[in-house]
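Accompanying notes for the structure given below.
Every number in this text was worked out from the coordinates using simple rules, so none of it is lab data. These numbers were taken from a predicted model, which means no experiment stands behind them. Reconstructed Cβ throughout: ideal geometry from the backbone, glycine too, with neighbour counts over all protein chains shown.
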Amino acid sequence: MRRIPEQLDIEPTPEPLAGNLPQPASERGAWVLAASLGVLGVLVLALALSGVLGSVSSTSATVPPPVFKVAATPVPGATKPVSAVEPARAHAILGDPSPVQAHRDLALYEDPASTHISERWMQGFYPIYEVAQKTFGVNWLLIASIHKQETDFSTAPTTYHGLNFAGCCGGPMQFNVMNGDPARSPGGSDSTWALVSDSYIYGARPSSYDHMTARHPSIYDDFDSIMAAAHLLSADGAEMELGAAAWNAAYDYYGHDLTGVTYADQVLARAIDWSQHGFCINCGLEGAMVQAVYGAYGAPVAATFETAIAAGVHPAVRHGHGKTRRRRRG
């Protein structure tokens, strides 16, 4: 287990964010479980040393959580476009990338880098994805797809230290800690991270995983960051279904512009493809699935921007708790 030193002292949000919010997990239960496991471990060790159990197999490994259900490939016209449900989402928490950043992000999405990621690297994330899904009612495949899109499953060079090149966002899920009140220290009370930084208290933290920090909450801690992302997606309407609500939440996670459309298309397409063919760490995006998602959800939204641009009008972008984010490359 690699412990990551705390580099940003961020205060949790004083008010809980809307969404699928359970009761905080009991610390007493965790201590009882730890004690029970300790006793069990001593017993197993004694039996193994005595030869009763024989040698312990080294082939067992953590596997991805079970898939909730196979998601259908989206069909254009089968669901209402995002614009039709905007009034009900007036309080969504939005990303807010600058035009320059969005342009560079789009180039990265259209020509993504290829990094081979080992199964061993991913095993530490599987229990966290499962807890996040159980706690906030968001499909773990959507959470994992956001994780892939943001930091290539935490393999980006600056994932666990400092901030991205824009000096705003960090950690596995690239939370903005700089978009709060500028008069305050980094991570003001209304920054995106501050809004969801306490999300870890609602789930049972695994006893051991890679990149566990000494203090919580931390954007660099795998559990803290992934739980916060699940909470944010839930607050923006994501649930277990990989459909319109999931697309909307991914669109909010990036921000409302044309790059955000591409981001949401890719994130949802990847999650649906995993549900149909199994979770695949190093598989690329399936072009046909991306096009299907775009046709069902992205195209109606992109059309509003393209119409405005053609008319010489700057498209109106609703701003919220933005995540002026840049990826790790460039």
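Here are some notes:
- Shown for 301, 267: other C-beta atoms within 10 Å of each C-beta, ranked fewest to most, produce the order 301, 267.
- Taking other C-beta atoms within 10 angstrom as a stand-in for reagent exposure, 280, 168 fall in the order 280, 168, fewest first.
- For 256, 211, order by how many other beta-carbon atoms lie within 10 Å, fewest first: 211, 256
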